[in-house]
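Notes follow once the structure below has been shown.
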Amino acid sequence: MNARSILSALVLATAASVAAQNEASLPDTRREHIYFETRLAFDVTSNTGVKPAYDVGAGFVAGGLVGIPIRRNFYFEPGLLAYYTVWSVDNERLEALKLYSGTAKNLGLRLPFNFGYTISLLDNLTVQAYIGPWLNINLMARRNLSPAPGSPFEKYSSCNLFREGFRRVDAQWGFGLKLTWSDHYVLGVSFGVGMTPVRKFTSLHNEMTQRRNSFQINLGYRF
């Protein structure tokens with residue numbers, strides 16, 4: 001082997017070594033594989049619109065998401081989440097003169113399509129910011145009313161809200177932040193702003209429109 005061959009081999013070896021060191025020094029998010037994340041969240045939902053008829057509600061969200069690296073620190077995170085929300089009925093908005101009290105319950109599936117960016121704060125701590133559309137598929141929507149104290153009515157009332165303008169599908173625009181530490185544990189917050197009505201109902205006297213706005217505190221575990 002002549003000197004030129006030896007020199008070329010040394011240059012190639014040196015370049016390979018430098019490239020390997022540079023790759024090792026990159027944040028973990030640059031070399032991260034596809035991950036699966038389970039999520040459990042406490043949910044608070046408020047309603048906006050014209051005479052939405054319901055006060056602030058509460059419930060939970062549970063399910064899973066899949067993180068797919070795109071390029072550098074960007075990622076795509078679709079998911080499948082189940083949600084359950086209970087609202088108290090606003091009798092004044094219903095113009096029922098407080099003759100009834102009750103709740104409205106909503107059960108469904110949420111399909112989030114989040115796009116985000118990951119920042120490494122420490123070796124075992126990252127923060128992720130994301131944004132994207134959420135599609136809600138409503139499986140159950142029901143209102144239950146019972147006579148309020150002093151009401152002349154005695155009958156209990158139960159109503160399928162799909163017969164009163166509740167939509168089978170509605171959409172939100174979501175965004176949020178989450179911290180991941182030790183490569184597994186996740187804590188975050190997320191917000192969803194109503195893009196389309198979750199309920200729209202027209203009567204002889206007025207039109208009622210309801211949009212869903214959500215806030216969640218999320219706990220998760222990443223595999």
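The values are calculated or read from the model by the stated rules, or taken from the named source; none is laboratory data. Since this is a predicted model, take the numbers as computed values, not measurements. Cβ coordinates were reconstructed from backbone atoms using ideal geometry, including for glycine residues, and neighbour counts include every protein chain displayed. In case anyone asks, the SASA skips ligands and DNA or RNA and just uses the protein heavy atoms, side chains included. Shrake-Rupley method; radii C 1.70, N 1.55, O 1.52, S 1.80 Å.
Here is how the numbers come out for the structure above:
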item: 3J(HN,Hα) from dihedral phi, segment 124-135, Karplus parametrisation 6.51/-1.76/1.60, rounded to Hz, x for glycine, proline; result: 10, 9, 10, 10, 10, 10, 9, 7, x, x, 10, 10
item: Interatomic Cα distance distribution for segment 104-223, bins of 10 angstrom, percent; result: 12, 31, 26, 17, 10, 4, 0
item: Estimated distance in nm for a label pair at T48 and I34, the labels positioned 7 Å out from Cα along Cα-to-Cβ; result: 3.7
item: All-pairs alpha carbon distance profile, segment 153-195, 10 Å steps from 0, percent; result: 19, 24, 23, 20, 12, 3
item: Computed accessible area, E207, all protein chains, 1.4 angstrom probe, square angstrom; result: 80
item: Förster radius 22 Å - calculated FRET efficiency between S101 and E164 (Cβ-Cβ, nearest 0.05); result: 0.75
item: Equivalent-ellipsoid semi-axes of segment 102-144, from the Cα gyration tensor, Å, largest first; result: 36, 13, 7
item: Length added when fully stretched, L122-W181, from 0.36 nm per residue minus Cα-Cα; result: 20.3 nm
